[in-house]
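*Asks:* Pasting in a structure now, in structure tokens, and then I'll have a few things to ask.
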Amino acid sequence: MARPTQTARLVKKACISESAQCYHLEFVIEELASLDFAAGQFISTLAVDGNGKLQTRAYSLASAANANKFELCVNRVEGGFFSNHLADLPEGGTIQVHGPHGNFTLRAPLTDSIFVATGTGIAPMRSFTQWLFPEAGEHAGQDRSQGKDIWLVYGTRHESELYYRDYFERVAAEHENFHYIKTLSRAPAEWSGLRGYVQEYVGHIVDERNRKLAPAVEAVVAGHSSVAVAEPVLAEIPAFDIHTYICGLNNMVSAVRDKLTGYGWHKKQIIFERYD
Ligand SMILES: Cc1cc2nc3c(=O)[nH]c(=O)nc-3n(C[C@H](O)[C@H](O)[C@H](O)COP(=O)(O)OP(=O)(O)OC[C@H]3O[C@@H](n4cnc5c(N)ncnc54)[C@H](O)[C@@H]3O)c2cc1C
């Protein structure tokens, strides 16, 4: 049986990176009072292609729930059907959607969290961040982060592909527990920021955090033992006081997962969404 779908109308479109052909799209579902979803989920979009075939694709919601509106962040894929259909959709045009779907959502209780994304994998991270630090709607001005440290590690090839940079820089300036770490894999000589791949910076965060936690762990161990502890007992650091959320293409997701499992992380601490 076909799933029920809704009609979503494009109310605003902006090209946010000419070089990467990336579009920010804002939709409204007029037949609904609200589209309820958890930050990080995706929506399925449907449209008929040039051969009369119904095509369905998944797109992460790039906004937090806000009445009957939702936002997407879509890159044109050369030769692809749906990404070009969305990028070419005029304001006022419609698509069919169903959802929300997916389990790429913040785990409760909230812990310190590392968000890792490349390219349009930033979409669910924007949704998470909007939910944690709402700026619009009935929760505007609230802070749901509970003082947990949140790191966003975002990797792109070029500076012009740092989607939503102004937004994330503003959140980082306003909330000292939100850390925005951006790195370019093909930076020009004049780039003074970070270079290289996201997994490297995820490693730095984990190392630094372990170093900070080590004295506390030593103290706990020393308090329960008459044997002097010569080295920090890093393996004893309690698990599940931190999660990592990864979104993007499979190669990057695998590299970050490998990095974290190398630190002995449990697979339940590593939540991921693959686009390919
Ligand atoms: C859960 C989920 C969430 C997603 N969220 C987003 C999102 O927020 N933004 C977004 O832009 N995309 C997202 N995607 C990818 C999206 O669903 C489509 O796969 C993508 O837009 C390409 O669709 P298309 O119809 O244009 O290309 P297709 O016609 O499906 O494919 C054309 C060719 O491009 C290749 N291809 C497919 N996808 C990609 C890709 N991502 N990069 C490079 N080559 C590709 C295919 O192998 C094929 O050869 C998500 C995917 C999943 C599974």
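The values are calculated or read from the model by the stated rules, or taken from the named source; none is laboratory data. Computed from a prediction, not measured in an experiment: that's the story for all the values here. Positions of Cβ are generated from backbone atoms using ideal geometry, with glycine treated the same way; all protein chains shown enter the neighbour counts.
*Asks:* Of these, H175, H139, which one is touching a residue at least 40 places away in the same chain (Cβ under 8 Å) and surrounded by fewer than 18 Cβ atoms within 10 Å (Cβ to Cβ)?
*Replies:* The match here is H175.
*Asks:* Checking T111 against (1) more than 13 Å from the ligand (Cβ to nearest atom); (2) more than 23 Å from E273 (Cβ to Cβ); (3) not small (G, A, S), only one condition comes out false. Which one?
*Replies:* Of (1) more than 13 Å from the ligand (Cβ to nearest atom); (2) more than 23 Å from E273 (Cβ to Cβ); (3) not small (G, A, S), only one is false for T111: (2).
*Asks:* Based on what the data block shows, is S60 in contact with a strand residue (DSSP E or B) (Cβ under 6 Å, 6 or more places away or on another chain), at pLDDT 95 or above and near the ligand (Cβ under 10 Å from one of its atoms)?
*Replies:* Judged against the criteria, S60 is a match.
*Asks:* Among (1) out of contact with any Phe, Trp or Tyr (no Cβ under 7 Å at 6 or more places or on another chain); (2) under 30 Å from W191 (Cα atoms); (3) among the hydroxyl-bearing types (S, T, Y), there is one condition S113 misses while meeting the rest; what is its number?
*Replies:* That leaves (1) as the condition not met.
*Asks:* Here is a further query. Considering (1) surrounded by 15 or more Cβ atoms within 10 Å (Cβ to Cβ); (2) within 16 Å of the ligand (Cβ to nearest atom); (3) outside any strand (DSSP E or B), say which one N103 fails and leave the rest.
*Replies:* (1)
*Asks:* Using beta carbons and a limit of 8 Å, which pairs, at least six apart or on different chains, have the first residue in segment 11-25 and in the same structural domain as T120 (by TED's automatic domain parsing) and surrounded by 13 or more Cβ atoms within 10 Å (Cβ to Cβ) and the second one among the basic types (K, R) and at pLDDT 95 or above?
*Replies:* That search, which allows pairs on different chains as well, returns nothing.
*Asks:* For residues in segment 135-172 being out of contact with any Leu (no Cβ under 7 Å at 6 or more places or on another chain) and small (G, A, S), which is modelled with the lowest pLDDT?
*Replies:* Here the residue is G137.
*Asks:* Please enumerate the residues belonging to segment 160-172 that are in contact (Cβ under 8 Å) with a residue 24 or more places away in the chain and surrounded by fewer than 17 Cβ atoms within 10 Å (Cβ to Cβ).
*Replies:* S160, Y167 - these are the residues of segment 160-172 that are in contact (Cβ under 8 Å) with a residue 24 or more places away in the chain and surrounded by fewer than 17 Cβ atoms within 10 Å (Cβ to Cβ).
*Asks:* Under the condition of being surrounded by fewer than 15 Cβ atoms within 10 Å (Cβ to Cβ) and touching a residue at least 24 places away in the same chain (Cβ under 8 Å), which residue from segment 142-159 is nearest to Y197 (Cα to Cα)?
*Replies:* Step one: list which residues in segment 142-159 are surrounded by fewer than 15 Cβ atoms within 10 Å (Cβ to Cβ), which gives 142-144, 146-147, 157.
This time we only want the ones that are touching a residue at least 24 places away in the same chain (Cβ under 8 Å), so: 143-144, 146-147, 157.
Numbers: D143: 30, R144: 29, Q146: 29, G147: 27, R157: 9 Å.
Ranking the candidates gives R157 first.
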